[in-house]
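First the structure, in the form of structure tokens, and then the observations on it.
No lab work stands behind these numbers, since they all come straight from the coordinates. Small disclaimer: the values here were computed from a predicted structure and weren't measured. All Cβ positions, glycine included, derive from the backbone under ideal geometry; neighbour counts span all protein chains shown.
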Amino acid sequence: MGNVIGIGASPRRKEDQRFLTGRGNYVSDIKRPGMAAGVFLRSPHAHALIRGIDKQAALEMPGVIAVLTGEDVAADGLGSLPCGWGITDARGVPMKEPPFPMLAQGKVRFVGDMVAFVIAETVEDASTAAELVKVDYEVLPSVVGVLDAVRPGAPKLFDDVPNNICCDWELGDKAAVDTAFRKAAHVARLSLVNNRLIGNPMEPRAAIAEYNPGTGQHTLWTTSQFPHVVRFLMSALVLKLPEHKVRVVAPDVGGGFGVKQFHYGEEAVITWAAKRVMRPVKWVASRSECYVSDRHGRDHVTEAELALDEKGKFLALRVKTLANMGGYLSTFGPNIPTNLYGPLLSGVYTTPAIYCNVKVVFTNTVPVDAYRGAGRPEATFVLERIVDVAASDMGIDRVELRRRNMIPKEAYPYQTPVLVQYDSGDPIGCLDGALAAADVKWFGTRKAASARSGKFRGLGFSTYVEACGLAPSRFAGRLGARGGLYESATVRVHPAGQVTVLIGTHNHGQGHETTFAQIVSEKLGVAFENVDIVFGDTDRVQFGMGTYGSRSLVVGGAALSKAADKVIVKGKKIAAHLLEASEADIHFEAGKFSVAGTDRAKTLGEIAVAAYVPHNYPLEVLEPGLEEQAYYDPVNFTYPGGCHIAEVEIDPETGAVTLVDYTAVDDVGTVINPMIVEGQLHGGIVQGVGQALYENAVYDESSGQLMSGSLMDYCMPRADHLPMMKVATHSTLCTHTPMGVKGCGEVGTIGSPAAVINAVVDALAHLGVTHVDMPATPNRIWRLIQNASLPIAAE
Amino acid sequence: MRSFAYHQPNAIPEAVSLLAEQPESRPLAGGMTLIPTLKQRLAAPAALVDLAGLPDIKGCSNGNAVVTIGAMTTHAEVASSPLVKSQIPALAALASVIGDPAVRDRGTIGGSVANNDPAADYPAGVLGLGATIVTSAREIAAENFFFGLFETALKPNEIITAIRFPVPLSAGYAKFKAPASRYAVVGVFVAKTATGVRVAVTGAGSGVFRVPQMERALAEAFDPTAIAAIKIDAEGLTSDIHADAGYRAHLVTVMAKRAVATALGAA
Ligand SMILES: Cc1cc2nc3c(=O)[nH]c(=O)nc-3n(C[C@H](O)[C@H](O)[C@H](O)COP(=O)(O)OP(=O)(O)OC[C@H]3O[C@@H](n4cnc5c(N)ncnc54)[C@H](O)[C@@H]3O)c2cc1C
């Protein structure tokens, strides 16, 4: 018998046994009898008309089974890929929502857009056949950047979308903001670019589809963060299949970061194709293919203004952003730069008036959607950068300016001017914790030491608040969500007392199998090793919205906690019967149901036996069995927050930036497993550092080709790019989630880009540098230094 | 990848005749460049002739103030070779900063030199040290070997068997790495030899090149300050998403200074 391992412990991760011993079961590991191979033919052009497709030569090749194109899709009357959010402009006009066909219909809109699906006996045959498919393209002028896309006369992606603007969205009280600006003692201004990113989960996307003519059942194995949502969107809206005839399995998935939380065309095409050819079909993306087909992230151009009074109190914030959507609307696309961005612009500050306008723009690039943080890192970057600009403009210390404007702990719950109400938080506590941990007091000494070796040293601060735990369904519905955002969990107590949990979230690296088992172990007093977590299969798990937006523990964990409570409630009824006591006198603790004030007790195991072998059981009033299910719809978002401090050193000769120290103090609410939280923070911070210093998806402006289309050209951060990080939590408890949890999946990514760039700007401040765009590459920094020191050189 | 025939000869003449018989064939060394090219279907040779089974083209030896490195010697072997480390430490250092450990464990000096990637490290060491490329057919001086952008003096069925490096008085290599690939944005190899100073630059242009102006300045005073003011013309240098030509030109001077400093430290 193992032990209870509960909340606050750091056991080794259950899932690591299989991952570290090569026993994982990923989509590409799966083989089905008679399986054929599929390859997507993708557009080499950013924008082109398809005049015709000649499949003859490909079809004649030995080993080729089928070549499917947009014409076949149209002939079968299939739907287009749905967008899960419908936003509206200031006047309530719905966004422009052009169809997103699963295979191109007459036109391609980005390099990587899918043109045909080739099925053959082997991947090699399918790849060769794909090269034989002759597509007659008429290449059109293309546009990749948002500034260019909205210019009059720019190439138009869709005939009925003027200026390529999908939606001109706004939030906040414009008039109040204008008034505040008129009264301001100072206005800080900043233009910035939030660079486009590519998620690069370690496992490339893959799918296998199979059709069983005997039962009419379709099965899709896919690298997805939300198999139930894929099943719903694909069956109900794209392929028009009855949902009960479709099973979607997302087995072990090697990282997601958002990239796998969309319904992709590949999933629909392969499911449809498997039935057409009556063979299981498998597709595994190459890394190069991922670069031009995985949804990208970020890509904003922003103008921000902050109005302050003479003491540095923030009076109002005005933000105007152009957000790149790419060639089509992906599942969450338009929601990210709007609902997950504008409402975060209040940050941890008491800014009374905020106005945000976002133009959501189509371009000839890969569709842009959620990537770890999704909207919230972008908002934090704008806010934390402009606070630094204001501090330097007004000659107020950066930390002091933040402190003056922070929401005091006592002011929670705090209603911001941009929709959301923070339930809890302690920004000043996080700030003080971080200042101490980062040894800010002695920064001057370190800077002087750097200067002696010819280096510039800089310190950067960032605070943030994140809205996560997506999401209260009704609230989200008002913002344009077309689905619910609750979560579900089933707790199945087996006759011998072990527990299986069936949960609608999806574990792809986060450690849910461990964290969720700890929750059950603690709540039911069951040994940690006697709890297994099942997820990722629509035939096993009742329902679920999946994993994204730091929601799994917050929403899924809450459903789990609720279901466990229901088990206890039923257990008490059974115990009351067995112990011949009144239900009200039964007390449950540490796995035992006891009669208050006596030593009479039954273990959960004994209760389970009674429930499944109901010989002595109140069958007249109670069903046998011990399995309970709960759905949980959150009452609010949760609001983790914190303070991050980065320290950098710059070599002025080369422009190279070295991140020499990093400190994070985060408020993530209750910590279930400190080791896992620390891991999430490390990973999140590294992804933010990646955005700040290394990562950049670059398109060629004239051809629309992705220039950074491989790991040789797109720089992912590596171990030797990073210092040892100091991460700590300073938690206040969430007031509305069952366990006080807030979520920690994205916090690292949200706080870090601004902290790093603020440090870089600080290191260059003596040269008059006030802003550095991301990524702060050596070339970019060197140019800034050159330009700044020109007058000196001229002396 | 397309299917191809695979041969593993165990004598050099056999390898050469296999290559000659099958015009669409290619030698395979560590495969670090060739295999990704095949996977991306950028090349589809009918046959690969694996050099791994050939005797006597692996390992480091010395004699007559010359270090000879067999073509199939991996970067990791060169980096850790006691012989190379004692005779030409700058060359061992160069090998130790190629790519990452996995690449260094597979990639070979012969493959790197034959491939002549404009951002590869070895070409700078080979040209900077005035090495000789020994092939299955002849000996070629470094001067006459590299033709810019993946072009070399090698004939289709000619195999590099070894590189012979004269031992310099002192040498240094400084590299500014591309953060993603770790190839050289700019790498400069500086060698002080009995006959003069050689400065060879990789990464900056379409192929490795020497900088006579720096060589003259360093011949007069072998010190970083001697070249600090020398500006390289950006004209003709590479501009890409990682670095513009002006920045690369600047880095040549910075890296050359650092290479000289290393050479002085190591001397
Ligand atoms: C991720 C990554 C990072 C890298 N970073 C660097 C770096 O920082 N610096 C650097 O210099 N290089 C770098 N490389 C290149 C690597 O170091 C190898 O040197 C290079 O791939 C070629 O060596 P190879 O042995 O793998 O040759 P292969 O890939 O087997 O062959 C390359 C070419 O040379 C030909 N060839 C091979 N051997 C011979 C021979 N003996 N005679 C004639 N022709 C031959 C082959 O036919 C082929 O055309 C990197 C590679 C990768 C994949």
Open item on the list: Between 0 and 90 degrees, rounded to the nearest ten: what's the tilt of helix B:245-266 against the longest Cα principal axis of chain B?
Closed with: 80
TODO: Please find the FRET efficiency linking residue A:10 to residue B:96, where r is the Cβ-Cβ separation and R0 is fixed at 56 Å, and quote it to the nearest 0.05.
DONE: 0.90
TODO: Could you line up B:69, B:232, A:645 from fewest to most neighbouring Cβ atoms inside 10 Å?
DONE: B:232, A:645, B:69
TODO: Let me see the pair-distance distribution of the range A:319-376: every alpha carbon pair, 10 Å bin width, integer percents in order.
DONE: 24, 50, 21, 5
Open item on the list: I'd like the FRET efficiency for residue B:233 and residue A:439, computed as 1/(1 + (r/R0)^6) with the beta carbon distance as r and R0 of 60 Å, rounded to 0.05.
Closed with: 0.85
TODO: Using Cα centres only, tell me the gap between the range A:712-770 and the range A:262-308 in whole Å.
DONE: 27
Task: Net lengthening on full extension, residue A:179/residue A:542 (0.36 nm per residue, minus Cα-Cα) - done: 125.5 nm
TODO: State, in angstrom, two size descriptors of chain B derived from its alpha carbons: Rg to one decimal place and Dmax to the nearest whole number.
DONE: 18.2, 57
- [ ] Give A:174/A:320; A:96/A:240; A:572/A:592; B:58/B:85 a once-over and call out the pairs whose C-alpha atoms are over 19 Å from each other.
- [x] A:96/A:240
Task: Full-stretch length increase - residue A:409, residue A:473 - with 0.36 nm per residue and alpha-carbon distance subtracted - done: 20.3 nm
Task: Table column - 3J(HN,Hα) (Hz), the range A:732-746, Karplus curve with 6.51, -1.76, 1.60, x for Gly and Pro - done: 10, 8, 5, 8, 10, 8, x, 9, x, 7, 10, x, 9, x, 10
TODO: In Å and from the alpha-carbon atoms only, list the Rg and Dmax of the range A:660-719.
DONE: 16.2, 51
TODO: Rounded to the nearest 500, what is the 222 nm mean residue ellipticity of chain A from helices alone, with -39500 (n - 2.57) per DSSP H run of 4+ residues and division by all residues?
DONE: -8000 deg cm²/dmol
- [ ] Report, in debye and to the nearest 20, how large the dipole of chain A comes out about its Cα centre when Lys and Arg carry +1 and Asp and Glu carry -1 on their Cβ.
- [x] 480
Open item on the list: On a full-extension model of 0.36 nm per residue, what is the gain between residue A:74 and residue A:191, subtracting their alpha-carbon distance, rounded to one decimal in nm?
Closed with: 37.7 nm
Task: Where N is the number of residues in the range A:464-540, Cα Rg divided by 2.2 N^0.38 Å - done: 1.33
TODO: Quickly work out the residue A:393-to-residue A:703 label distance, labels modelled 7 Å from Cα along the C-beta direction, and quote it in nm with one decimal.
DONE: 4.2
TODO: Just tell me which lysines come within less than 26 Å, Cα to Cα, of residue B:39; anything on the same chain fewer than 8 places away is out.
DONE: A:31, A:55, A:134, A:260, A:282, B:155, B:177
Open item on the list: If every alpha-carbon in the range A:628-694 counts as one equal scatterer, what log10 I(q)/I(0) does Debye give at q = 0.16, 0.22 1/Å?
Closed with: -0.73, -1.06
Task: Exercise: per-residue mean of other protein chain Cβ atoms within 10 Å, B:250-257 - done: 3
Task: P(r) of the range B:1-52 over all Cα-Cα pairs, binned every 10 Å from zero, in whole percent - done: 28, 56, 17, 0
Task: Student exercise, the range B:1-52 dipole from Lys, Arg, Asp, Glu Cβ charges, in Debye to nearest 20 - done: 300
Task: Per-pair calculated FRET efficiency, R0 = 30 Å: residue B:151 and residue B:195 via Cβ, rounded to 0.05 - done: 0.65
Task: Derived scalar couplings ³J(HN,Hα) [the range B:5-15; Karplus, 6.51 cos²θ - 1.76 cosθ + 1.60; whole Hz; x for Gly, Pro] - done: 7, 10, 10, 10, x, 10, 8, 4, x, 5, 4
TODO: Could you tell me the distance between the Cα centroids of the range B:53-113 and the range A:37-99, to the nearest Å?
DONE: 51
Task: Rule-of-thumb Rg ratio for the range B:170-266 [Cα; 2.2 N^0.38 Å; N residues] - done: 1.01
- [ ] Take each of the peptides A:679-692, A:551-564, A:60-73, A:226-239, average the number of other beta-carbon atoms within 10 Å over its residues, and list them starting from the highest.
- [x] A:551-564, A:679-692, A:226-239, A:60-73
Task: Residue exposure sequence - A:545, A:725 - by fewest surrounding Cβ within 10 Å - done: A:725, A:545
Task: With 10 Å bins from 0: P(r) over the protein assembly as shown, alpha-carbon pairs, percent - done: 2, 10, 17, 20, 20, 16, 10, 4, 1, 0, 0
Task: Spacing of the two label points (7 Å from each Cα toward its C-beta) at residue B:221 and residue A:147, in nm - done: 4.5
- [ ] For the range A:749-761, take each phi angle, set θ = phi - 60°, evaluate the Karplus expression 6.51 cos²θ - 1.76 cosθ + 1.60, and give the result in whole Hz per residue in order, putting x for glycine and proline.
- [x] 6, 7, x, 7, x, 5, 4, 5, 5, 4, 5, 4, 5
- [ ] Specify whether the C-alpha gyration tensor of the range A:1-115 places it in the rounded, prolate or oblate class, a ≥ b ≥ c being the square roots of the eigenvalues: rounded for a/c under 1.5, otherwise prolate if a/b is larger than b/c and oblate if not.
- [x] oblate
TODO: List, largest first, the extents of the alpha carbons of the range A:273-365 along their principal axes, each in whole Å.
DONE: 72, 22, 21
TODO: Could you work out, residue by residue across A:645-658, how many beta carbons of other chains sit within 10 Å of that residue's beta carbon, and then give the average as an integer?
DONE: 2
TODO: Rank these for me by crowding, A:30, A:568, going from fewest to most other beta carbons within 10 Å.
DONE: A:30, A:568
